[in-house]
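Below you'll find the structure, written out as structure tokens, and then a few comments.
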Amino acid sequence: MSTIDAGVVLGRVSARQQGRTAVRRWRWAFTGLVALLITAVLISLFVGSVSIPAGDVLKGLLGQETARASWTTIVHDYRLPKVITAALAGSALAVAGLALQTLFRNPLADSYVLGISSGASLGVALVLFATGAGLAGLLNTLGVSGDALIVVAAGLGAACVMLFVLAVARRLSGIAPVLIVGLMCGYFTSAVVSILASAAMPDRLQAFINWTFGTFGDVTRSQLPIMALAIGLGMVLMLAASKSLNALALGEDYARSMGIDLRTSRTLIVAGAAILAGTVTAFCGPIAFVGIAVPHACRVLLRTQNHLLLIPACALLGASFAIAADVLAQAPASPTVLPLNAVIALFGAPVVIWMVLRSSRMAAH
Amino acid sequence: MKRLIPALLLLTLAASPILARQTTEPAPCDTVAASGASAAAEQASVEYAEGFTIEYGDSYKVITVTQPWPGADASEQYVLVPCGVTPPDGYPDAQVVTVPVQRAVSMSTTYLPSLVELGLLDRLVGLDEFDFVYSPDVRALIEDGALVEIGGGAGVNVEQAIALEPDVIFSYGIGSTDYDAYPALRQAGLTVVLNGDFAEADPLGRAEWVKFIAAFFNEEAAANALFDQIVTDYTALAETAASADGRPSVLTNAMYGDTWYASGGRSYIARLIADAGGRYIWDDDESTGGLPLSFEAVVERGQDADYWINPNFWSSLADGLAEDERYATFSAFADERVYNNVAAVTPLGGNDYTESGALHPERILADLIAIFHPELMPGHAFNYYVHLQ
């Protein structure tokens, strides 16, 4: 990263020369990202495994009568919530991945390194495999059952791991140990899940495996506000931490010299990322790759390390990416469905390879 | 030292005949047990099942399992001979099994009803999992400690299985080394026969596998009588249903995550629905297996279905709402015409629908006719189904 770029970020050097070109680039980039998101939303609403004429889709969105009753149900109760869920999930995962890549100064970091998705899967495994007693029974008495049970269990699991990692992050001086602890949490919870799964009833095992495929279609209209609220909270935390993130991008010593309290900012960033990723995992199952690939694409697109710009950009691009992956997974005009995580990995992995090869010098150092 | 090595070699050579005698002498044949092998013994012929055939020779039988699992490209052959009789030539790849079997292990609950109704429970020595057993007779054996649990799948306890000294292990395969138990068992030298009943799409064909099991115990006579009665009852019920007015449309299963795993149009449940006088909403599909569909596709076709059966593991409509509140948009759900096969279940996960139901499709058919055309079956008490409220 050149000194002029650094200077631009810190506002020390006037944005007149390099800056003017940069601002123009960002304007174009953001316009493009918004246009991309709108296109993705439209495609997702109008194209699905069932062919519905465009006019009927519009009527269905407004909740009006359509030529076939099932079409209103499909568009209003299924496609619309799915698009919103995918957008929220994609943006949340991308922003969380961005923050963690900066915090750990590792271009391959995402919420997995904090063990969050593993913690969530442990929560789900406990309610699915530990029949009757335990967590499932406890939550049942609270009136939480079925689908809501999975969400709450996944959220609790993610939260437990998050709190543990946060406690570790507060005590340690370096960030690398936190990475190790997070990964170890991930391995530990995966091991417990495997043991539980080995003794599980086949139908429960199938349900768990289906959960690990990830889906955007399981969040109903009544659950959406909760998801949106939690993700909103996470985004606010991230934006609040963007000054710290900008400083951390230049190195911990530099950040310290700028007066950034490392422990507080680390806590804030980890908490924000955990809330974002944990919420998505709780509602949609573990979704991979969005957190790794999208931040790299944004950095290449905007050519900046300013997180005040990168966070919104990642949110927009992440939303588009998730919606596009979902459209592909639904295999338009065919009634069969592909697992979401498989589709994302199929397209995400080559992107990550390309990004890593191309942008190793653009990594947050 | 110079003399030591040749001495050792000589010793080894001398000892080799003793070392090579690994095989033990075969046990003498129990002539009382080897009954039913005479020419007068009844033979079984296979009419409905497509997965196996039985051929009879002078003093042997050859069972060929043509489809151990759906899409299998290799068949299995078993040559059944009485004790002391040399197997015939001409079946080089077949496994030789001495019959009648005295010690059997069952790796699926679908084989248990056959053993119970053929009076062969005294030959059963082991199961894969105790938890999923429904049959009260077998549960009694478990309580008495007469059976050993050897586990299932790729994690099967091979040592435990060897210690049981079974003559035959009745198992199945799905063609995946991650999930199949039989490779590990065969590698240990145990005799495993693959039962492909689950791959049969015809309900009577699936029940006919009772003859497959019976052949290993020389109980074809009993199996024939049992199966003939099943066919008679099933055919009579199907004829009654065919005379009914109208064919209500039927939706099956429910969502699992992002996918609705419906059944193919030529599958087991599709045929039962058709024979019960219903119209399966995907009867235009040609497959016999599962049909993974998106929620959209199911809403498109199934929202107005008259009846909804087999929705996952619900025991009440509230279970359905807890799973996904959008199920309420299906008219069958809103009008409370949802039925699930959970009437005969145990707390540990046993379900008689997949146990005795596999052998008695006429009982399932009776339930379905009572659901779709209640006027034809007044006063019918459900065997397996529950009307969800």
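Rule-based calculations on the coordinates, nothing more; no lab input. Please read all numbers here as calculations on a predicted model, not as lab measurements. Cβ atoms come from the backbone with ideal geometry, glycine included; neighbour counts cover every protein chain shown.
The calculated pair-distance distribution of region B:280-331 uses every alpha carbon pair, bins of 5 angstrom beginning at 0, and gives 4, 16, 27, 28, 17, 7, 2 percent. Amide H contacts under 5 Å for B:GLY290: B:GLY264, restricted to partners 5 or more places along the chain or on a different chain, H placed in the peptide plane at 1.01 Å from N. Amide H contacts of B:VAL96 (H built 1.01 Å from N, in plane; Pro and chain starts excluded): B:VAL79 sit under 5 Å, all sequence-distant by 5 or more or on other chains. In summary, the lysines within cross-link reach of B:LYS211, defined as a Cα separation below 20 angstrom excluding same-chain residues under 8 places away, comprise B:LYS61. Listed by Cβ neighbour count within 10 Å, with the fewest neighbours leading, A:PHE213, B:PHE52 appear as A:PHE213, B:PHE52. Run the quick spin-label model on B:LEU348 and B:LYS2: label points 7 Å from Cα toward the beta carbon, then report their separation in nm to one decimal. Distance between label points: 7.2 nm. Equivalent-ellipsoid semi-axes for region A:154-219 (Cα gyration tensor, √(5λ), whole Å, largest first): 29, 15, 9. Scanning residues 5 or more positions from B:ARG279 or on other chains, those with amide H under 5 Å from its amide H are B:SER249, B:VAL250, with H placed 1.01 Å from N in the peptide plane.
Sorted ascending by nearby beta carbons within 10 Å, beginning with the fewest, B:GLU323, B:GLU336 become B:GLU336, B:GLU323. Normalised by 2.2 N^0.38 Å, where N is the number of residues, the C-alpha radius of gyration of the protein assembly as shown stands at 1.17.
Compute the relative contact order of chain B as a whole-number percentage, counting only Cα pairs closer than 8 Å that sit 6 or more residues apart in sequence. Walk me through the intermediate numbers first.
On the way: 703 pairs, mean separation 56.1, N = 389.
In percent, rounded to a whole number, it is 14.
Estimate the FRET efficiency between B:CYS29 and B:ASP245 by the formula 1/(1 + (r/R0)^6), using the beta-carbon distance for r and 56 Å for R0, to the nearest 0.05.
Working: r = 61 Å, r/R0 = 1.10.
Here the calculated transfer efficiency is 0.35.
Only helices enter this figure: runs of n ≥ 4 DSSP H residues, each worth -39500 (n - 2.57), summed and divided by the residues of chain B, yield -9000 deg cm²/dmol at 222 nm to the nearest 500.
Most exposed first by the Cβ proxy, i.e. fewest other Cβ within 10 Å, how do B:VAL299, A:VAL95, A:VAL181 rank?
Details: B:VAL299 25, A:VAL95 32, A:VAL181 20.
Lowest count first: A:VAL181, B:VAL299, A:VAL95.
Inter-label distance, A:LEU239 to B:SER316: 4.5 nm, where each label sits 7 Å from its Cα along the C-beta direction.
Mean residue ellipticity at 222 nm from the helices of chain A, using -39,500 (n - 2.57) per DSSP H segment of n ≥ 4 over the full residue count, to the nearest 500 deg cm²/dmol?
On the way: 17 runs with 263 residues, N = 365.
One gets -23500 deg cm²/dmol as the mean residue ellipticity at 222 nm.
The modelled label-to-label distance between A:ALA349 and B:GLU143, using points 7 Å beyond Cα along the C-beta direction, is 5.3 nm. Size descriptors for region B:240-389 (Cα atoms only): Rg and Dmax, in that order, 14.5, 40 Å. The string of couplings for region B:269-284 from the Karplus curve (6.51, -1.76, 1.60, θ = phi - 60°) is 6, 4, 5, 5, 4, 4, 5, 8, x, x, 10, 6, 5, 10, 6, 7 Hz, one whole number per residue in order, with x for Gly and Pro. Once the C-beta distance of A:THR212 and B:SER176 is scaled by a Förster radius of 22 Å, the resulting FRET efficiency is 0.75 to the nearest 0.05.
Under the 0.36 nm per residue contour assumption, what length would be gained going from the current alpha-carbon distance of A:LEU229 and A:ASN106 to full extension? Between A:LEU229 and A:ASN106, full extension yields an extra 41.4 nm. On the principal axes of its alpha-carbon atoms, region B:74-178 has extents of 44, 34, 24 Å, going from largest to smallest.
Which whole number in µm²/s is D for region B:110-154 by Stokes-Einstein, with the Kirkwood Rh taken over Cα pairs at 37 °C and 0.692 mPa s? Present the calculation step by step, with values, prior to reporting the outcome.
Values: Rh = 10.7 Å.
Value of D from the Cα-based Kirkwood radius: 306 µm²/s.
Normalised by residue count, chain B yields a Cα convex hull volume of 195 Å³ per residue. With coordinates expressed along the principal axes, the C-alpha atoms belonging to region B:198-319 extend over 52, 35, 31 Å, beginning with the largest. Remark: region B:46-57, residue by residue, has Karplus-estimated 3J(HN,Hα) of 9, 10, 9, 6, 9, x, 8, 9, 10, 10, 10, x Hz, where x stands for each Gly or Pro and the curve is 6.51 cos²θ - 1.76 cosθ + 1.60 at θ = phi - 60°. The convex hull drawn around the Cα atoms of region A:27-86, when projected onto a plane and averaged over every direction, covers 4.4 nm².
Radius of gyration over Kirkwood radius for region B:258-345, both on Cα atoms: the Rg/Rh ratio is 0.94. Pairs of alpha carbons in chain A separated by more than 38 Å make up 19% of all such pairs.
Any idea what the relative contact order of chain A is, in percent, if you count C-alpha pairs under 8 Å spaced at least 6 apart?
Values: 566 pairs, mean separation 106.9, N = 365.
Computed over chain A, the figure is 29 percent.
Once the C-beta distance of A:ARG358 and A:ASP203 is scaled by a Förster radius of 51 Å, the resulting FRET efficiency is 0.65 to the nearest 0.05.
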